[in-house]
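The values are calculated or read from the model by the stated rules, or taken from the named source; none is laboratory data. What you are looking at is a predicted structure, and each value in this text was computed from that prediction instead of being measured. FYI the Cβ positions are ideal-geometry reconstructions off the backbone, even for glycines, and counts take in every protein chain you see.
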Amino acid sequence: MQSSSVAVVKPGDERYAPLTASFNGRWGAGTPDYVLLPVTADEAVEAVQHVVDNGDRFAIHSSGACYEDLLTNRGVRAVVSTSQLTSVEFDPQRSAFAVGAGISTVELYRKLYEGWQVTVPAGAGPPVALAGQMVNAGYGPLSRQLGQLVDYLEAVEVVVVDNDGRARKVVASRRADDENRDLWWAHTGGGGGTFGLVTTFWLRSPGAEGDDPAAQLPAAPQELILSQVAWSWDAMTEEAFSRLLKNFSSWHADNSAPDSPSVNIFSALKPRHVSAGEFLMSTELDAGTPGAERLLDEFLAAVNEGTGLTYRQERTTVGWLEHVTSWIGLGGDGWEGKGRFKAKSAYLRTAFTDEQLRAMYRHLSDPGFDNPATMVEIGGYGGAVNAVGEQATATPQRDSAMRLLYLTMWADEADDAVHLAWLRRWYADVYASTGGVPDLRGTGDGAIVNYIDADLLDETLNTSGVAWHELYFGSAYPKLQQIKATWDPRDAFTHALAVRRPD
Ligand SMILES: Cc1cc2nc3c(=O)[nH]c(=O)nc-3n(C[C@H](O)[C@H](O)[C@H](O)COP(=O)(O)OP(=O)(O)OC[C@H]3O[C@@H](n4cnc5c(N)ncnc54)[C@H](O)[C@@H]3O)c2cc1C
């Protein structure tokens, strides 16, 4: 990059390793010839122009938290990292918070809270940046109460590449009269690294009024009540296990309408493999909710009802910021050192079917497998998420009640085949009646693009006849394809699981 101020990081530079490493140890580090590290939007334009002019296949990086090898793939010869774009400021012109794409969600929570005591319903996890989480339809513990992260996207600045190969920055907003509105729409769940490179997100509550910064995003909770419940596998029978999962899923199916009085409750049930000895359910709610303790007691009673099980519970009240900035790691306590992982996902609209429950139990109680770092996290969803129309954003899954993350982690490369095969068998068995993947608009509603899973491309694993893009984007896909053709006519931004232009 002669005569440019954009930092170029090459092998041998101490910044190279962290900028090319995947959070998933399975992928290790990438081997690009160089990484470009813009610190302004104009530098981001220069960086994209450079990789396009060079004809280098490139990837976009913000944190490397992606589950698949989009960053580290050996075909990637250059990386443009937005990890240095981390500012947070209030933009009075848009009456919205202008946030650098590369900021971690944890740092965003801190800055929004310390500056204005506001927040957004993003996820947990210190490594994760806002960029990938936003454009891939991220969610977090406040989503039932506040909605999807993308519902707070007022505008986005994107570096796009024209048909003539010229990189330029464009601002696209949700305003009905914005001629670039479709580009904004594509960034409300249409996937990362697909339409352009995001430099800035403007965040604002839908329908916010006035110019007081503190009124433009939801007030953050002051304190949370946290409940951690543990069930032992010792006393577990198939009947009790199934009843527990049925209760949890039925409760969510019944309490996920936007006007449900229980949307303040966020819970994640995390059945682990029997070799873990026990499994947990973490529940949290705003301590300021009227009758909070009673609501929590009623929820726990509903989940445990008729199981005949006893459980251990720890209940505490903690400051909200303290909670969202401290994190126990992917999977939970005790999984440190198990850096290699595979994840799969599903939306769930209804209670589990009996067939699904049998498959869950069969695999999680499998005596022939021995990995305690294996679980399915069944997280509450819906509520305010479901108040938004199917077409309003590129996240059409607006009547689900839960999001499922199937996860197994391990330490050694030599064990890859065993753990991958086991997780794949489990998932295929849970969805056996629908081709090994969740159905669309039935019990399930496809899979979660934020927990990206290349297996969906593989017709030996996805035998449903439903393409990966339908499972991720559902009814939004044809429109996403049109937007791709308009805004990325040269297919400059692409990877294995990116929206394709129409044939
Ligand atoms: C430990 C951990 C915890 C997580 N917790 C949650 C959670 O609570 N809730 C949730 O919803 N998800 C969660 N996730 C999933 C996470 O949100 C996704 O993996 C997300 O895509 C990561 O985004 P990133 O920018 O940090 O990662 P990266 O690997 O840097 O990027 C991921 C994708 O986004 C694209 N991208 C990155 N930056 C830009 C940009 N500036 N412009 C355009 N495209 C870009 C990349 O091309 C890539 O396709 C978690 C993941 C991990 C590893």
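Would you call Ala421 modelled with pLDDT under 95, closer than 30 Å to Asp370 by Cα and among the aliphatic types (A, V, I, L, M)?
No, not satisfied.
Have a look at Ala498, Ala411 and point out the one that is within 16 Å of the ligand (Cβ to nearest atom) and surrounded by fewer than 23 Cβ atoms within 10 Å (Cβ to Cβ).
Ala498
Answer with yes or no whether Leu330 is surrounded by 15 or more Cβ atoms within 10 Å (Cβ to Cβ) and either within 16 Å of the ligand (Cβ to nearest atom) or acidic (Asp, Glu) (or both).
Spelling it out, Leu330 is indeed surrounded by 15 or more Cβ atoms within 10 Å (Cβ to Cβ) and either within 16 Å of the ligand (Cβ to nearest atom) or acidic (Asp, Glu) (or both).
Each row is one residue, and each column tells you yes or no for (1) surrounded by fewer than 24 Cβ atoms within 10 Å (Cβ to Cβ); (2) more than 7 Å from the ligand (Cβ to nearest atom); (3) part of a loop (DSSP other than H, G, I, E, B); (4) assigned by TED's automatic domain parsing to the domain that holds Asp177.
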| position | (1), (2), (3), (4) |
| --- | --- |
| Ala124 | yes, no, yes, yes |
| Pro127 | yes, no, yes, yes |
| Ala131 | no, no, no, yes |
| Met134 | no, yes, no, yes |
| Gly138 | no, no, yes, yes |
| Pro141 | no, yes, yes, yes |
| Arg144 | no, yes, no, yes |
| Glu154 | yes, yes, no, yes |
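Which pairs have Cβ atoms under 6 Å, sit 6 or more apart or on different chains, and link a residue in region 191-203 that is at negative phi to one that is part of a strand (DSSP E or B) and within 7 Å of the ligand (Cβ to nearest atom)?
Close Cβ pairs satisfying both conditions: Leu197/Ile60.
Kindly indicate whether any position in region 376-385 is of a type in the set (Ser, Thr, Tyr), surrounded by 17 or more Cβ atoms within 10 Å (Cβ to Cβ) and either assigned by TED's automatic domain parsing to the domain that holds Ser143 or outside any helix (DSSP H, G or I) (or both).
Pass one, region 376-385, residues of a type in the set (Ser, Thr, Tyr): 381.
Right, trim to surrounded by 17 or more Cβ atoms within 10 Å (Cβ to Cβ) and you get 381.
From what is left, the residues that are either assigned by TED's automatic domain parsing to the domain that holds Ser143 or outside any helix (DSSP H, G or I) (or both) are 381.
Among the residues of region 376-385, at least one is of a type in the set (Ser, Thr, Tyr), surrounded by 17 or more Cβ atoms within 10 Å (Cβ to Cβ) and either assigned by TED's automatic domain parsing to the domain that holds Ser143 or outside any helix (DSSP H, G or I) (or both), which makes the answer yes.
Given region 268-367, what helices (runs of 4 or more DSSP H) lie entirely inside it while holding 3 or more residues that are without any contact (Cβ under 8 Å) to a residue 60 or more places away in the chain?
Values: elements: 292-304, 320-325, 354-364.
By residue number, 292-304.
Can you work out which of the residues in region 463-479 that are crowded, with 24+ Cβ neighbours inside 10 Å and among the aliphatic types (A, V, I, L, M) is farthest from Ala346 (Cα to Cα)?
Among those residues, the one meeting the criterion is Ala476.
Restricting to region 248-267, name every residue that is among the aromatic types (Phe, Trp, Tyr), farther than 13 Å from Val376 by Cβ and outside any strand (DSSP E or B).
Answer for region 248-267, where residues must be among the aromatic types (Phe, Trp, Tyr), farther than 13 Å from Val376 by Cβ and outside any strand (DSSP E or B): just Trp251.
Among the residues in region 89-99, are any without any contact (Cβ under 8 Å) to a residue 60 or more places away in the chain and hydrophobic (A, V, I, L, M, F, W, C)?
No, the conditions are met nowhere in region 89-99.
Checking Ser173 against (1) surrounded by fewer than 16 Cβ atoms within 10 Å (Cβ to Cβ); (2) more than 16 Å from the ligand (Cβ to nearest atom), which single condition isn't satisfied?
(1)
Of the residues that sit in region 167-210 and are assigned to a loop (DSSP other than H, G, I, E, B), polar (S, T, N, Q) and out of contact with any Ser or Thr (no Cβ under 6 Å at 6 or more places or on another chain), which one is nearest to Ala394 (Cα to Cα)? Outline the logic, then answer.
Taking region 167-210 as the starting set, the residues that turn out to be assigned to a loop (DSSP other than H, G, I, E, B) are 174-180, 187-196, 204-210.
From what's left, polar (S, T, N, Q): 180, 188, 194, 205.
The next check asks that each one be out of contact with any Ser or Thr (no Cβ under 6 Å at 6 or more places or on another chain); those that pass are 180, 194, 205.
Values: Asn180: 15, Thr194: 13, Ser205: 17 Å.
Taking the candidates together, the pick is Thr194.
Checking Ala485 against (1) surrounded by fewer than 18 Cβ atoms within 10 Å (Cβ to Cβ); (2) touching a Lys or Arg at 6+ places or on another chain (Cβ under 8 Å); (3) touching a residue at least 24 places away in the same chain (Cβ under 8 Å): exactly one of these is not met. Which one?
(3)
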